[in-house]
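Q: My questions all concern the structure below.
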Amino acid sequence: MFSRRHFLKSMVGLGALGVSTTAYGFTEPVVRLGVTRYDLTPPRWPAGFQLKIAAIADLHACDPWMSIDRIHGIVERTNALNADIIVLLGDYVAGHRHVTRIIPAGEWAPVLAGLKAPLGVHAILGNHDWWEDSTVQREGQGPTHARRALEAAGIPVYENDAKRLSKNGQPFWLAGLGDQLAYVPARRFRPVRHIGVDDLGATLAKVTDDAPLILLAHEPDVAHRVPSRVSLQLSGHTHGGQVRMLGWSPIAPTRYRKLVYGHARMNCDVIVSGGLGCSIMPFRLGVPPEIVLVTLGGAGVAVS
């Protein structure tokens, strides 16, 4: 099977045929940083209720590709967006070995503590936050280093949890799903490749009234099971395929092509961030690192 790992390695191997393109692909992760904006009003979102959400996904902290200085810059750029609420969509831990240093959670989490928004900063974990924690993988239970570091920095981590918030007297729910790929089975050829800690039913059961609901889920694939009760699902994980040409990603870690990147409409509206860091290889082409800014209660969908 032709995996994303094989594809990215093949792209790097084509360097002899396109040195400039390949060099740009390695430069893009550390040089560019954009803000992608979405303005939309989901069907279950109250008319006239405007909520600005800034989303950060897939940092993958490491030197030299996602240094502490770069994370400081991302924090400053995010704060400058003046969002009502900031959400962190997981994968803070490096997802490849082509690094000079893996940045420990005790260093990157305090930097993320600099994020500020009136309705707070809220986080979920991603698969690499679980996979790269050898103790958790060996013992089969958490919490992970990433979760402990985030909570020590004052950032709540949602794992099949929901919290009722409000802006100007208008309530809404923020729910966070446990990671869908948290554990790697001990046996190499086990039919189940990964075991999740996600429980969508239990998460939604914690929502006790009909106020609008936003769901954070690191991997977007759960969207095919998310009911229309949810107004918006925010996800990361895919990195937009990490290589995207003419709006098409040749390979991405999702079963659904419409969930590779950007806005999709399923039972609920779904926005998949292209993320900030890299996994497998420190290489991006056509999908530069981005902070996502969603304005709910806007008109239509705008991307910039």
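Q: Would you pick out the residues in the stretch 29-49 that are at pLDDT below 60 and open to solvent by less than 20 Å² (accessible area, probe 1.4 Å)?
A: The initial filter retains those residues of the stretch 29-49 that are at pLDDT below 60, namely 29-30.
Within the stretch 29-49, 29 is the sole residue that qualifies.
Q: In addition: Filtering the stretch 197-243 down to residues that are polar (S, T, N, Q) and open to solvent by 10 Å² or more (accessible area, probe 1.4 Å), which residue is nearest to residue 173 (Cα to Cα)? Talk me through it step by step, then tell me what you get.
A: First, the residues of the stretch 197-243 that are polar (S, T, N, Q): 203, 208, 228, 231, 233, 235, 238, 242.
If we keep only those that are open to solvent by 10 Å² or more (accessible area, probe 1.4 Å) as well, we get 208, 228.
Details: 208: 9, 228: 14 Å.
Out of the qualifying residues, it is 208.
Q: Examine the stretch 242-251 for a residue that is more than 13 Å from the chain's Cα centre (by Cα), over 18 Å from residue 34 (Cβ atoms) and either polar (S, T, N, Q) or assigned to a strand (DSSP E or B) (or both), and state whether such a residue exists.
A: Yes, that holds for at least one residue.
Q: Would you check which residues across the stretch 47-95 are farther than 23 Å from residue 178 by Cβ and in a loop (DSSP other than H, G, I, E, B) and list them? Spell out how you get there, then give the answer.
A: Our first condition is that a residue be farther than 23 Å from residue 178 by Cβ; within the stretch 47-95, this holds for 47-52, 62-84.
Within the stretch 47-95, 47, 48, 49, 50, 64, 65, 67, 80, 81, 82, 83, 84 meet the criteria.
Q: Could you run through the stretch 34-58 and say how many residues are among the acidic types (Asp, Glu), out of contact with any strand residue (DSSP E or B) (no Cβ under 7 Å at 6 or more places or on another chain) and at negative phi?
A: Within the stretch 34-58, the first condition is being among the acidic types (Asp, Glu), and the residues that meet it are 39, 58.
Subset that is out of contact with any strand residue (DSSP E or B) (no Cβ under 7 Å at 6 or more places or on another chain): 58.
Of the ones still in play, those that are also at negative phi are none.
So the count comes out to 0.
Q: Scanning the stretch 149-196 for residues that are open to solvent by less than 80 Å² (accessible area, probe 1.4 Å), among the charged types (D, E, K, R) and outside any loop (DSSP other than H, G, I, E, B), which turns out farthest from residue 61 (Cα to Cα)?
A: As a first pass, look at the stretch 149-196 and keep what is open to solvent by less than 80 Å² (accessible area, probe 1.4 Å): 149-150, 153-162, 165-167, 169-185, 192, 194-196.
Those still in the list that are among the charged types (D, E, K, R) too: 159, 161, 167, 179.
Keeping just the survivors that are outside any loop (DSSP other than H, G, I, E, B) gives 161, 167.
Working: 161: 26, 167: 32 Å.
Residue satisfying both the conditions and the ranking: 167.
Q: OK, next. Given the criteria basic (Lys, Arg) and in contact (Cβ under 8 Å) with a residue 24 or more places away in the chain, does residue 255 qualify? Talk me through it step by step, then tell me what you get.
A: Numbers: basic (Lys, Arg): yes; in contact (Cβ under 8 Å) with a residue 24 or more places away in the chain: yes.
In short, yes.
Q: When residues of the stretch 97-121 are filtered for being open to solvent by less than 10 Å² (accessible area, probe 1.4 Å) and more than 9 Å from residue 62 (Cα to Cα), how many remain?
A: Qualifying residue count, the stretch 97-121: 4.
Q: Here's something else I'd like to know. Considering only the stretch 250-266, how many residues are more than 21 Å from residue 291 (Cα to Cα) and among the aromatic types (Phe, Trp, Tyr)? Steps first, answer last, please.
A: Filtering the stretch 250-266 for residues more than 21 Å from residue 291 (Cα to Cα) gives 250-251, 255-257, 266.
If we keep only those that are among the aromatic types (Phe, Trp, Tyr) as well, we get 256.
Final tally of qualifying residues: 1.
Q: Please indicate, with yes or no, whether at least one residue in the stretch 8-28 is over 24 Å from the mean Cα position of the chain (by Cα), at pLDDT below 95 and in a loop (DSSP other than H, G, I, E, B).
A: yes
The values are calculated or read from the model by the stated rules, or taken from the named source; none is laboratory data. Only a predicted model underlies this, so the values are computations on that prediction, with no experimental measurement involved. Positions of Cβ are backbone-derived with ideal geometry, glycine not excepted, and every protein chain shown enters the neighbour counts. Side chains included, ligands, DNA and RNA excluded: accessible areas come from the protein's heavy atoms. Shrake-Rupley method; radii C 1.70, N 1.55, O 1.52, S 1.80 Å.
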